Every structure is written in C-alpha cells, then in structure tokens.
Amino acid sequence: MSDTTHHRICPLCEACCGLEIKVRDRRVISIRGHKDDVLSRGYICPKAIALKDLHEDPDRLRSPRIRRNGVHVEATWEEAFAEIERRLPPLLAGHGRNAVALAVGNPAAHKIGLLTYFPKLARALGTRNVFSASTLDQMPKQLASGLMFGHWLSVALPDISRTDLLLVIGANPLASNGSMWTVPDFRGKAKALQARGGRLIVIDPRRTETAAIADAHHFIRPGGDVFMLAAMVHTLFAEGLVSLGRVASWVNGVRDVEAAVSPFTPESVASRCGVPAPTIRALARQLATTPRAAVYARIGTCTQEYGTLASWLVDVLNTLTGHLDVEGGMLFAKSAAFAANTAGKPGVGKGVGTGRHHARVSGAPEVFGELPITCLAEEIETPGQGQVRALITVGTNPVLSSPNGPRLSSALETLDLMISLDIYLNETTRHADVILPAPSPLEDLHYDVAFPQLSWRNHARYSAPVLPPPQDQPPEWQTLLKLAAIVQGKGAQCDANALDDAQFEDDTQRMFGPEADAVMAATRGLRGPQRLLDAALRAGPNGAGFGSEKDGLSLRKVMEASAEGGIDLGELQPRIPEMLRTPSGKVELAPPLLLQDLQRAAADVGRAPPSLVIIGRRDVRTNNSWMHNLPTLAKGPMRCTVLVHPEDAARHGVSDGALATLRNGAGQLRAQVRLSLDMMPGVVSLPHGWGHDLPGTQLSVAAQRPGANINTLLDDQSRDPLSGNAVLSGVAVSMEPA
Ligand code: SF4
C-alpha cells in the first residue's frame, strides 16, 4: 500500500501547530511540521512526535471498562451504557440534579466534539456542580478580561510580530509556546523582535528558558505580582505618563483606578514583591515611552491569591500606556467561528458576572458557569441536601492536577457512581465505575473552537481524521449525547444521530429565526460537530452566509484548504469598539469588584513573606500528566526534580542529587534536589502532574518513574476569592534532607 500524507492540528498544547503525518499500512511512519501551515509555518516541538506513541500506546483504553468487585473489566459499549442506565437515573430521581457533578479537563479544549457537546450534557443534567481545569490556572485571566471587555474569551494578545518591547510576567512561552495565547515558535518570534531592535524583558521567580534569551530578567517574589503591577500603575499616574491613545474615548474609570492605586508606591511594595522600587519605576517608564509595547502575563500571575487583580492590572497597564488595541501593542483576535465577540450587536453586550449560584459547602461563587474544582472533594464528603453522589469526568485527572489530590482521591471512592470519558485508567479514573474511552486524536476530526480566539494571527484550519477509528468506537459527541439521553429518560438505546438532528433543528429555530430554513438547507448532509462548524463558519465574520452566493467561509471551503495549511485571515487588527460586549459599550478599566478586592491587597502589603516557598514549572516535554506515559517524552533525565538555589540548599542541609523532604500543613513529599542558580533565593520549584505511584492505574511507562505530586503540598482551601482559582504558587514549605 502506498504512503498517504495527512495534515492535522496538533492537539497536545495551546500552540496548535500544523502537522504533516505520513501513514503506511495504517501505521504512522513520520510526523513533522507542516511548512505551509498558516499559523505555525512548519514549527513543532518534541511533543508532537509523541502523538504516534499516544496512538499506539498499549495502555490507552480501546474498549469500555466496568468496575466489578474493585477490578476494571473490559465491557462492550452496550454493557457500559446499560450499567449507566441502571444506576444514574435512580440516583437523579432520588437526590436531584445537583447530586451529579461534572468535571472536565484541558484535553477537551483540543477536541471539537467534546467542546461542542459537553454543554449539551451539562444542560441535560442541569447541575450546578460543574468543575473544570480552568479554576486551576486560567479563570483569573478570563474573569478580568470578561469584566473589562465583556466576554470571557475576549483576551488581549501581544502583537508579537510588530511590537518593540514585550514584557513577560510569570510565563514561560519558550517552553509553552503560549498559554491563553496561541503563538507557535515563540523563540523564532522573540528572536525576530530582538533582531529588529526590540527588547524582551521577563519577570519571574525563576530564570526560565524565556528569561535566558531575554534582554533583561528580574526576580519577583511568588504572589507579589499584584503589588509590583499596582506600583507600576501608580508610577504612571505619579509621573504624568498616562496616555490612552486610540482607545481614549472608549475607556471608563481612569480616575477610579488612579485613586485605587494611590497606596501602592514603589517603595511601599518593594519588599513584599521583591522588586526594587527603582526597577518598578524604570519598567513603568520604559513601557510608557516605547510606542509599540505589550505586557503579557500568565500562569504565575493567575495561580495565586490575587490572580484576578494581577490579570486585571496587566491590561490596566496596557491601556494606560496607549498600547491597548493598537498595532505592536495588545490586540484581539477575530475568530472565524464560535466567538461571542463577533456575534450579536457589535460594540455592546451583557458583559459578565459571577455568583449566579454558590458552592454549597464553601459558598464560593459560580464563575463562568463553574465552581472551583478545589471545592469538589468537600462537596462529595459533606452530607446534606445537594451532596454530590455521582461524578462524570471528561478528560481530567484532578487527583494529580488539583490541590490536595489525596483528599480528592479518598472522596471519589465514596461516590455512589462515577463515570469517566477518558483514554487512560489513571489516578482519577481508577475510581470510576464505568470508563468510556475516546478515539485517539489521529482517529478524530478537529477544528479549534477556542484557540483562534487567542491566536497571534487570524486563521481557519480543519483536520480530517488521519486514521479510521475502530469499528465499534463511537465519536465522543455521540457518547455525550447518549449520556444526555439517559439523563433525560430517553434511554441508552436511543439513536444518537436522530437526537442530534432534532436538537440541531430546535437550536437553529431558536437562534436563526426567519433564517432557520436557509441554515437547515445549507448544512444538509452534515451531522455532529461538522454541522455545527459549518453553521458557525457561515455565520461568522468571514462567513459565506446561508443560501446566498457570498464568497466566504464554509466547512467545505476550509476543508479544501487543509492540505495547503488552512486559510490565513491576516494579522490581528484594532477592533475596539466593535468587539466590546460590556453593557456600557466601553472598556471597563475599574470594575467595582476589582477595586474592592484591591483594598484586600492594600491591607496585605506589609505581610512578611515565608522564608521558603514553592512554585511549579513548565517543561517543553510535558504538559499534562498522561504525557508521562509516552516513551518519547518520558525518556532522558528525570524532570520531576526540585530546583533549589545553592544558598537555600546550604541553609536547609540538602545537596545536589540527594532526596529532600518538603512538607507543610497540607502534606509532604520527597523529591530529588537539583541545585540551580536560576532560582530566586527563598523559592524552590517542582513541576506538576507527577505522582504516578498510586495503585490501580494502567500507566506502565509513567509508573516506572512516578515522580512526586506537588499538589500534596497545596491547600485545597486556598483560592483567589474572585475567580475561585486555586493557589498553586508561593506556598510556604519547609525542606530537609530525606
Ligand atoms: S508546541 Fe508542540 S505540543 Fe504544542 S502544538 Fe506545537 S507541536 Fe504540538
């Protein structure tokens, strides 16, 4: 049989690189970057090669499992759905909809079937107990952006190809290629910035891989970002450096911000954040006096108790220095499909809010339809009306990825029913009564729903399945629809296709009104995510519309372009005011919720920092816990080591290569020490997603070098109160030789 060539968006991280995959006799023989891909131009990182490992992994589940007497046994799809139908409806009837919780993980963002059909299951269930990985690392950014610009995914992005100054805070895009910012080949783009005379400045408690190529790097105390950022804003006002530029007539609240930051002088915050006052002033001046400049901040600024404030102040800085919505500054992507900021009336909307309901035990407010995932264990453990008795997980492993995994693991074991959609029997799904496997990414079609809203360049790309799925493997959207049907009492035997047809027709009538017949006609012959995608592309800002002869995007057109690397829709362009969806039609620079929370930070400026704190870190070869089971990525030096500055090592009596015990009130772990001058003294670093030494899993490669789980040191009660995001950075620990 001759070789065939396929093009696929890499599903392994937010960079979404275009891959060229060669197949012979149904086996992948090579994976490389697709040089014509309009977004990534041939760039890939080492993780992409591991897609072959993932596809061929003997540990990857290829048929359902049912737990019988504590052992997961292989089952048919009919048996698995019958088991769910036997147990789930009585539970709902007896205890109500909130007794069933949903938890979804990061892989869902890379699967159009999950992203478009998970909401249908959530709607069918109607539970308030919805949890996701967003409250582990990104909700502060989404909440701050939502309050300022009117939608949760209206995130301002650095215009990296035209900026002359990029200030990166608490992020390591050289390893990640962007997070909440899809920017494949960050290294190449950063080098181009420097080659045209621009500067890259990094602020981080670790001299990261990004800091290593930067023009300047400054240490900051973990969790100190809000203080440094507020003092930078203070400096802008104090030195008359505020200039809003082209967005001046669309910004509310400048004077309120000036008043709110008045206590945050650089001198008053310097010891709290660890950045000297002259450095804070110099950074503010440099930002204000560079015509094309951008501030980008991520994980480190989100995973702390002031995560939403820090995320907000980043865009306050961008706005006050005239860098918001201008070329070379911060711009908003214009996604070809599925974006709320291209739908409805331009320039105005409902905005976002929080607290439509609250977590039963902690009282934490709902944010973007979710409760903090760190509330899940106590919602299971605590008796009373609304107690969580069943859980459906979708591509998530919170036992390893969420603070206090051991507590959550114990809680999961007490559930009346747990159902997991997952490709692995991992540390979380080992508790499931039924596991429903997904197709391998190479067996699935794809279009990025969320990432074009966060991409450095506008584009539309489609991936057809590279390999056919096994005959009895349903696509995930059908699995989700069947679960929804069981919840709705329609039965496990229902026809998922017929359900989908009926739902699409209902939704089309509701959303398109008089145009509904044209929508139905234009999308005839399609089904599932493909049909939703065709409708979204046609209705989008570059769309062909329905029934007209307009020359625009449709699924067919984007599919045809996939071999050529997709459709390039050009550089990001200024979009204010049309992209705003705030009720005022303005950028809300001073949302009351944030001004109020800033007083909490002001009262905390004088707190003495702990003598030793821990932070996480990103490695180019690992992103999620399951990547530790892929031989290509798992080989080489052990990556789950604790980085320690030599001064701290001497102070605590630990040495390079030896084991150290780290402990605090939450728990303890042992990890191998690696001395590193890259660490800020007083800060140690351990990557997340490790700890594969729990029984009952089927991760044979990961189990050989399990690593230590940083989350045993993290307190599940410690959150940013506004977004509900877990505090993962800057947690106090003690350290001693093991
Ligand atoms: S950076 Fe690597 S893992 Fe991420 S999308 Fe690109 S090739 Fe895939």
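Under unit Cβ charges (Lys, Arg +1; Asp, Glu -1), what dipole magnitude, rounded to 20 debye, does region 377-511 have relative to its Cα centre? Rounded to the nearest 20 debye, it is 300 debye. Going by the alpha-carbon gyration tensor, a ≥ b ≥ c the square roots of its eigenvalues, is region 417-516 rounded (a/c under 1.5) or, if a/c is not under 1.5, prolate (a/b greater than b/c) versus oblate? Verdict is oblate for region 417-516.
If you take the square roots of the eigenvalues of the alpha-carbon gyration tensor of region 253-389 and sort them as a ≥ b ≥ c, do you get rounded (a/c under 1.5), prolate (a/b over b/c) or oblate? The shape class here is oblate.
Between the listed residues THR279, SER176, ASN624, the Cα displaced farthest toward the positive end of the dipole of the chain, a dipole computed from Cβ unit charges relative to the Cα centre, is found at THR279. This model, with +1 at the C-beta of Lys and Arg and -1 at the C-beta of Asp and Glu, gives region 489-623 a dipole about its Cα centre of some 620 debye.
Each part reduced to its alpha carbon centroid, region 341-379 and region 492-534 end up 28 Å apart. Protection proxy ranking for 380-387, 93-100, using the average of other Cβ atoms within 10 Å per residue and placing the highest first: 93-100, 380-387.
For region 100-136 and region 186-259, write down the distance between their C-alpha centroids in whole Å. With region 100-136 and region 186-259 each reduced to a Cα centre, they are spaced 34 Å. Remark: ASP716, ASP507 ranked as ASP507, ASP716, counting other beta-carbon atoms within 10 Å and listing the fewest first. Relative contact order for region 613-737 using alpha-carbon pairs under 8 Å, separation at least 6, rounded to a whole percent? Once divided by the residue count of region 613-737, the mean separation gives 36 percent. Would you be so kind as to identify which of SER249, ALA144, PRO646 lies farthest towards the positive end of the dipole of the chain, taking Lys and Arg as +1 and Asp and Glu as -1 on Cβ and the Cα centre as origin? The residue sitting farthest along the positive end of the dipole is PRO646. Each Cα pair under 8 Å and six or more residues apart adds its sequence gap; the mean of these over the residue count of the chain is a relative contact order of 20 percent. The peptide list 143-154, 597-608, 221-232, put in order of mean Cβ contacts within 10 Å with the highest first, becomes 221-232, 143-154, 597-608.
Hey, what does the equivalent ellipsoid look like for region 1-64, semi-axes from the Cα gyration tensor as sqrt of 5 times each eigenvalue, largest first, whole Å?
Working through the eigenvalues yields semi-axes of 21, 16, 9 Å.
Sorting the segments 468-474, 577-583 by their mean number of nearby beta carbons within 10 angstrom, highest to lowest, gives 577-583, 468-474. A quarter of the convex hull surface defined by the alpha-carbon atoms of region 217-265 gives 4.6 nm² as the mean projection.
Provide the net charge surrounding PRO184, with neighbours chosen by a C-beta distance below 11 Å and charges set as Lys +1, Arg +1, Asp -1, Glu -1. Charge balance near PRO184 sits at +1.
Based on the convex hull around the alpha carbon atoms, the chain presents an average projected area of 30.0 nm². If only the Cβ of Lys and Arg carry +1 and only the Cβ of Asp and Glu carry -1, the dipole of the chain around its Cα centre is close to 740 debye.
Work through the residues other than GLY344 whose Cβ is under 13 Å from its Cβ and net out their charges, Lys, Arg +1 and Asp, Glu -1.
Residues near GLY344 contribute +2 overall.
Going down the table (LYS189/LYS586; LYS189/LYS635; LYS345/LYS557; LYS120/LYS490), which pairs top 20 Å between alpha carbons?
With Cα atoms farther than 20 Å apart: LYS189/LYS586; LYS189/LYS635; LYS345/LYS557.
Does region 613-737 come out rounded, prolate or oblate, given a ≥ b ≥ c as the square roots of the eigenvalues of its C-alpha gyration tensor, rounded meaning a/c under 1.5 and, failing that, prolate meaning a/b above b/c? Oblate, since a/c reaches 1.5 and b/c is not below a/b. In units of the rule-of-thumb radius 2.2 N^0.38 Å, region 495-560 shows an alpha carbon radius of gyration of 1.06. Simple rule: put +1 on each Lys or Arg Cβ and -1 on each Asp or Glu Cβ in region 1-136, find the dipole, and look at SER40, HIS95, VAL23; the Cα lying farthest toward the positive end is HIS95. Sorting ILE31, ILE486, ILE710 from the fewest to the most surrounding beta carbons within 10 angstrom yields ILE31, ILE486, ILE710. In straight-distance terms, cross-link reach from LYS47 covers every one of the aspartates and glutamates whose alpha-carbon lies under 19 Å from its own, apart from those fewer than eight places away in the same chain; here that gives GLU14, GLU20, ASP37, GLU56, ASP57, ASP59, ASP185, GLU209, GLU443, ASP444, ASP448, ASP619.
Each residue, ARG32 and LEU677, gets one label point 7 Å from its Cα in the Cβ direction; the gap between the two is 3.9 nm.
Here, each number is a calculation from the coordinates, and none is a lab measurement. These numbers come from a predicted model, not from an experiment. All Cβ positions, even for glycine, are placed from backbone atoms using ideal geometry, and neighbour counts span all protein chains on display.
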